[in-house]
Amino acid sequence: DEEEEEKPAAMARRYQVPMSHEVSLRGHHKQITCLAMDPAGARVAVGGMDYKLLLYDFGGMDRSHKPFREFVPEDGNPVVGVSWSPTGDRLVVATGSTQAKVYDRDGVRLMVFTKGDPYITDLVHTKGHTMSLSATAWHPREKETVMTTSLDGTIRLWDLQGPQTFDQLHNKRVIKAKSARSTRVAVTCGIFSPVADYVAAGCQDGSVQLFSLKKTNW
């Protein structure tokens with residue numbers, strides 16, 4: 001059947017991808033939703049609908065190819081985003097909850113982002129997200145800056161050395177996505193530009209919105 005999916009080795013030859021070895025990393029028992037490799041290419045973090053985040057270390061892996069660390073960042077919530085810091089010493093994890101978390105490279109939790117107040121109408125005045133997260137990204141140049149996106153219609157920037165309440169971090173900036181009718185629209189994914197002068201957000205209405213980070217007032 002010509003429509004049958006190609007095997008990885010055949011696909012690598014077709015597209016001239018330099019692949020000499022192939023390994024299947026197993027551990028999740030439901031759909032995988034996100035993954036990220038650290039800058040050194042030594043470790044990979046994989047999240048899924050089974051609520052788990054798995055950490056694999058290529059250098060320390062034996063023939064079983066099992067993760068060296070497996071944990072649930074938020075009970076009852078799938079992992080929807082993961083991103084490593086520019087130096088690979090930490091990773092930020094977004095789940096279906098309102099609160100992202102930062103871990104060290106071994107999976108030890110370091111920090112929790114605060115939950116916003118859902119009763120405040122203007123989301124600029126909340127200190128965190130009020131609805132489920134959809135993605136997260138670490139700033140490509142600033143090791144203490146992280147971005148999260150949410151179905152509440154905002155993109156939030158976090159300074160990991162910023163103010164906290166009860167050991168939970170407050171957001172630094174809030175960017176609101178809007179529909180063509182200037183109404184709130186859920187943000188389903190987001191990314192920094194390569195030099196981090198812009199952030200791009202994919203929205204539930206099918207739009208891709210671009211925001212300048214040079215602007216000081218959102």
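Here are some notes:
- For the listed peptides 134-140, 122-128, 46-52, a ranking on the average number of other beta carbons within 10 Å per residue, highest first, reads 134-140, 46-52, 122-128.
- In a DSSP loop and with at most 12 other Cβ atoms within 10 Å, the chymotrypsin sites (Phe, Trp or Tyr not before Pro) in segment 64-131 are Tyr119.
- Taking Cα centre as origin and charging only the Cβ of basic (Lys, Arg, +1) and acidic (Asp, Glu, -1) residues, the dipole magnitude of the chain rounds to 720 debye.
- Exceeding the 29 Å Cα-Cα cut-off - candidates Lys30/Lys101; Lys66/Lys176; Lys52/Lys178; Lys30/Lys178; Lys52/Lys115; Lys66/Lys127: Lys66/Lys176; Lys52/Lys178; Lys30/Lys178; Lys66/Lys127
- Of all accessible heavy-atom area on segment 1-133, the percent that carbon and sulfur account for (1.4 Å): 49
- Peptides 72-81, 189-198, 93-102 ordered by packing proxy, namely the average of other Cβ atoms within 10 Å per residue, highest first: 93-102, 72-81, 189-198.
- Pairs of Cα atoms farther than 20 Å apart, segment 1-96, %: 47
- For segment 121-218, the Cβ-based charge dipole about the Cα centre amounts to some 260 debye (Lys, Arg positive; Asp, Glu negative; other atoms uncharged).
- Sequence-distant contacts, meaning Cα pairs under 8 Å at least 6 residues apart, place the relative contact order of the chain at 11 percent.
- Relative to its residue count, the chain spans a Cα convex hull of 162 Å³ per residue.
- Share antiparallel - DSSP beta bridges, the chain, percent rounded to 5: 95
- Computed [θ] at 222 nm, helices only, for the chain once each DSSP H run of length n ≥ 4 contributes -39500 (n - 2.57): -1000 deg cm²/dmol
- Cα-based shape type of segment 100-181, given that a ≥ b ≥ c are square roots of the gyration tensor eigenvalues and the cut on a/c is 1.5: prolate
The values are calculated or read from the model by the stated rules, or taken from the named source; none is laboratory data. Keep in mind the model is a prediction, meaning the values are calculated, not measured. Glycine gets a Cβ as well: all are built from the backbone with ideal geometry, and neighbour counts include every protein chain shown. These area figures cover heavy atoms from the full protein model, side chains too; ligands, DNA and RNA do not enter into them. Shrake-Rupley method; radii C 1.70, N 1.55, O 1.52, S 1.80 Å.
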